[in-house]
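Contents: one structure, followed by commentary.
The values are calculated or read from the model by the stated rules, or taken from the named source; none is laboratory data. Not measured: the values here are computed from a predicted model. We place every Cβ from the backbone using ideal geometry, glycine too, and count neighbours over all the protein chains shown.
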Amino acid sequence: MENKREILSVKDLNKSYDAFKLKNVSLTLQAGSIMGFIGRNGAGKTTTLKSMVNLVHSDTGSVEFFGMDIKTHESEIKQRISFAFGGVDYYLQKKLGTITNVYKRFYDQWDEKAYEDYLKQFELNSDKNVKELSQGMRVKYGLALALSHHAEILILDEPTSGLDPVSRDEILNIFTDVVDSKQASILFSTHITSDLDKCADEITYIKNGEILVSEEKDSFVDSYRLVEGSMDQLTEALKSIIIGCHERRGEFSGLIKSKDCENAQDIKCSPADLESIMIHIERRA
Ligand SMILES: Nc1ncnc2c1ncn2[C@@H]1O[C@H](COP(=O)(O)OP(=O)(O)OP(=O)(O)O)[C@@H](O)[C@H]1O
């Protein structure tokens, strides 16, 4: 990626609830990139994202946006970022125009022309109430707000959940347009790994409150291969390198590290995708 510049740095975040711990969570986001944040239900994605923007108070650790600490420069940082946890699903009885009039007062860099353009592009009508919008339209409205104050980083918790494949594709296209035109970088959580296959540059994977991996998506995906075969092909040597082996109807499937491919000759070995990697890693004891 050209012009790597770190615009978000999370270091060793810890947060304890009664039955859950976020443990030493660290990640960095580069300018001009889309980072997908994945993990099972309850793995700690929302807690991490909320801790970043100080909606959850971490016990220890630091979060810096543009080199400034969120705890000491919160209002300055919040002028330059945007975050959304779910689509706009509050003030259901209010017109979009009314909500926008309140929202825009918080932002020094509000750009009315950009906002009008996004409304047009997303086919949204200011005179409609939120309750009249579909889920996809609510997400688009949230994006129109986020993008109209020149936010440099968008932090979005499951922005595509509940959307049909066509609406999801539209949202992902908007993400890539925004990043490619250098308007903003995006960090978003999702369970829909195929969305990330389409648009993410980087992947951060959290498991049980700990970051398992945070790196470039292509190299992460390429570091694994999917192996399949009949049970009699599952030798002791293969068992020692296979990850998350699963047996079904006399056939096994699992992951191996790409570097171990030469030890799995005569076995069907194919490229992995994020979904298969996640499934097998989660199956690992
Ligand atoms: N305010 C809270 N008090 C106590 N426990 C909490 C609180 N908020 C979250 N948790 C717990 O922390 C864990 C992580 O929750 P979190 O919402 O961060 O997970 P997630 O990865 O976003 O999950 P999902 O994909 O289901 O949205 C869960 O076990 C949850 O019950």
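Scanning region 260-278 for any residue that is in contact with a Ser or Thr (Cβ under 8 Å, 6 or more places away or on another chain), assigned to a loop (DSSP other than H, G, I, E, B) and either on the phi > 0 side of the Ramachandran plot or in contact (Cβ under 8 Å) with a residue 60 or more places away in the chain (or both) turns up at least one such residue. If I ask for residues that are surrounded by 15 or more Cβ atoms within 10 Å (Cβ to Cβ), closer than 17 Å to Phe188 by Cβ and within 16 Å of the ligand (Cβ to nearest atom), which ones from region 2-42 would you list? The answer is Val10, Val25, Leu27, Met35, Gly36, Phe37, Ile38, Gly39.
Just for region 254-281: of the residues that are more than 26 Å from the chain's Cα centre (by Cα) and among the basic types (Lys, Arg), which one is surrounded by the most Cβ atoms within 10 Å (Cβ to Cβ)? Ranking the qualifying residues of region 254-281, first place goes to Lys268.
Each row is one residue, and each column tells you yes or no for (1) in contact (Cβ under 8 Å) with a residue 40 or more places away in the chain; (2) farther than 20 Å from Ala184 by Cβ; (3) among the hydroxyl-bearing types (Ser, Thr, Tyr).
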{"site": "Lys120", "(1), (2), (3)": "no, no, no"}
{"site": "Asp127", "(1), (2), (3)": "no, yes, no"}
{"site": "Glu132", "(1), (2), (3)": "no, yes, no"}
{"site": "Val139", "(1), (2), (3)": "yes, no, no"}
{"site": "Gly142", "(1), (2), (3)": "yes, no, no"}
{"site": "Ile153", "(1), (2), (3)": "yes, no, no"}
{"site": "Leu156", "(1), (2), (3)": "yes, no, no"}
{"site": "Pro165", "(1), (2), (3)": "no, yes, no"}
{"site": "Asp169", "(1), (2), (3)": "no, no, no"}
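Among residues of region 219-241 that are touching a residue at least 12 places away in the same chain (Cβ under 8 Å) and polar (S, T, N, Q), those with a Cβ under 7 angstrom from a residue that is surrounded by fewer than 18 Cβ atoms within 10 Å (Cβ to Cβ) and part of a helix (DSSP H, G or I), sequence gap 6+ or separate chain, pair up as Ser223/Ser258.
Table: residues versus (1) under 26 Å from Thr160 (Cβ atoms); (2) crowded, with 17+ Cβ neighbours inside 10 Å; (3) polar (S, T, N, Q).
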| site | (1), (2), (3) |
| --- | --- |
| Asp69 | no, no, no |
| Glu74 | no, no, no |
| Ile77 | yes, yes, no |
| Arg80 | yes, yes, no |
| Phe85 | yes, no, no |
| Thr100 | yes, yes, yes |
| Lys104 | yes, no, no |
| Tyr107 | yes, yes, no |
| Lys113 | no, no, no |
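When restricted to residues that are within 16 Å of the ligand (Cβ to nearest atom) and within 17 Å of Gln30 (Cα to Cα), region 169-195 contains 3. Only one of the listed residues (Phe175, Phe220, Phe188) is at pLDDT 90 or above, assigned to a strand (DSSP E or B) and under 26 Å from Gly44 (Cα atoms). That residue is Phe188.
Look through region 232-253, keep the residues that are of a type in the set (Ser, Thr, Tyr) and assigned to a loop (DSSP other than H, G, I, E, B), and return whichever of them is surrounded by the fewest Cβ atoms within 10 Å (Cβ to Cβ). By that ranking, first place goes to Ser240. In this structure, does Asp59 turn out to be in contact with a strand residue (DSSP E or B) (Cβ under 8 Å, 6 or more places away or on another chain), over 24 Å from His150 (Cβ atoms) and exposed (fewer than 13 other Cβ atoms within 10 Å of the Cβ)? Criteria met by Asp59.
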